[in-house]
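The values are calculated or read from the model by the stated rules, or taken from the named source; none is laboratory data. Computed from a predicted structure; not experimentally measured. Cβ: placed from backbone, ideal geometry, glycine included. Neighbour counts: every protein chain shown. Keep in mind that these areas ignore ligands, DNA and RNA; they rest on the heavy atoms of the full protein, side chains included. Shrake-Rupley method; radii C 1.70, N 1.55, O 1.52, S 1.80 Å.
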Amino acid sequence: MNQDERAPFVRALRRARVSAYAPGEYVEQESFMRASEIRLLADRAGIAPGVSVLDLCCGVAGPGRFITQELGCTYLGVDASSSAIDIARESAGDLPCRFEVSRIPPIPPGPFDVVLLLETMLAFPDKETLLREISRALETGGRFAFTLEEGVPLTEAERESMPDADTVWLTPLQEMLTCLERVGLGVRWQEDCSRSHRAMVDSLIDAFTAHATEIAAQIGREALDELLAAHQLWSNWLRDGRIRKIAFVAEKTAARTTAA
């Protein structure tokens with residue numbers, strides 16, 4: 001999917017997504033996280049009134065708008081898709097949210113109290129450069145709240161079976177922990193959410209299938225088939241333990257990061 005084709009997908013999938021989530025759990029997210037998981041991560045990261053939050057790869061910023069409304073933070077969402085940011089701005093209404101269109105990295109310099117990266121760590125092949133910039137953008141004592149698709153890199157056969165495999169770069173847990181430590185970020189909290197995310201993937205598969213005619217009329221059958229294929233792979237991998245989904249909060253423990 002081209003980044004600036006986001007709007008047609010958002011419109012086409014909205015009814016199915018609403019039906020897939022339990023009541024109160026859908027906040028226009030484009031991921032497998034439920035609203036309660038987003039709120040828990042935000043609470044663990046200390047997001048509250050007056051806290052400055054940078055949300056990287058925010059997309060249409062459903063989680064960011066939800067957090068801002070619930071917790072009263074100061075919010076900046078950044079995404080490479082101008083289509084997604086247009087939707088985010090329009091949907092934010094009177095909420096005190098700001099948005100920027102930008103590729104990541106680079107990262108706005110801050111300083112920020114909290115940096116969020118929800119469900120998109122896998123899109124970055126060079127994670128150490130990303131983490132070093134995030135650390136530099138945080139105040140000492142600031143928090144980085146994110147989710148990780150944990151596992152060894154995909155094999156060639158797996159990459160051939162995964163639509164948009166060039167956006168799927170998995171990381172083993174120990175490699176991520178070592179990288180965080182190198183850039184001055186110490187893990188303060190983590191939670192495995194593989195089971196809940198697999199249940200959410202399966203619910204989305206059922207919803208997309210139930211709304212297939214309506215969705216295909218808007219984005220085409222090929223795009224729908226690729227979407228379903230990707231979700232089925234995630235379901236299989238989460239079921240088999242090939243991939244784990246882990247939520248983290250890491251705190252900046254040093255005034256400056258180590259040099260590259």
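Filtering segment 202-216 to residues that are more than 21 Å from L238 (Cβ to Cβ) and either among the acidic types (D, E) or without any contact (Cβ under 8 Å) to a residue 60 or more places away in the chain (or both) leaves A212, T213, E214, A216.
Within segment 57-84, being assigned to a loop (DSSP other than H, G, I, E, B), touching a residue at least 60 places away in the same chain (Cβ under 8 Å) and of a type in the set (G, A, S) holds for A80, S81.
With the requirement that a residue be among the aromatic types (F, W, Y) and surrounded by fewer than 21 Cβ atoms within 10 Å (Cβ to Cβ), what does segment 103-125 give you?
First, the residues of segment 103-125 that are among the aromatic types (F, W, Y): 112, 124.
Listed by number, the list holds a single entry, F124.
Selection of segment 85-110 for residues being closer than 19 Å to R143 by Cα and touching a residue at least 40 places away in the same chain (Cβ under 8 Å) yields I104, I107, P108, G110.
When you check G151 against the structure, is it small (G, A, S), touching a residue at least 12 places away in the same chain (Cβ under 8 Å), surrounded by 15 or more Cβ atoms within 10 Å (Cβ to Cβ) and on the phi > 0 side of the Ramachandran plot, yes or no?
For G151, the condition - small (G, A, S), touching a residue at least 12 places away in the same chain (Cβ under 8 Å), surrounded by 15 or more Cβ atoms within 10 Å (Cβ to Cβ) and on the phi > 0 side of the Ramachandran plot - is met.
Going through (1) open to solvent by 20 Å² or more (accessible area, probe 1.4 Å); (2) in contact (Cβ under 8 Å) with a residue 12 or more places away in the chain one by one, L138 falls short only on (1).
Looking only at segment 88-128, count every residue that is β-branched (V, I, T) and modelled with pLDDT of 95 or more and tell me the total. So the count comes out to 4.
State yes or no: is V18 β-branched (V, I, T) and farther than 19 Å from V115 by Cβ?
Values: β-branched (V, I, T): yes; farther than 19 Å from V115 by Cβ: yes.
When the stated conditions are applied, V18 passes them.
How many of the residues making up segment 1-23 are open to solvent by less than 70 Å² (accessible area, probe 1.4 Å) and not in a helix (DSSP H, G or I)? Going through segment 1-23 one residue at a time, the tally reaches 2. Please work out if A88 is part of a helix (DSSP H, G or I), among the aliphatic types (A, V, I, L, M) and crowded, with 18+ Cβ neighbours inside 10 Å. Yes. Note on segment 55-80: among residues that are open to solvent by 30 Å² or more (accessible area, probe 1.4 Å) and not β-branched (V, I, T), the one that is farthest from F9 (Cα to Cα) is G72. Checking the stated criteria, S52 turns out to be among the small types (G, A, S), open to solvent by 10 Å² or more (accessible area, probe 1.4 Å) and over 28 Å from G220 (Cα atoms).
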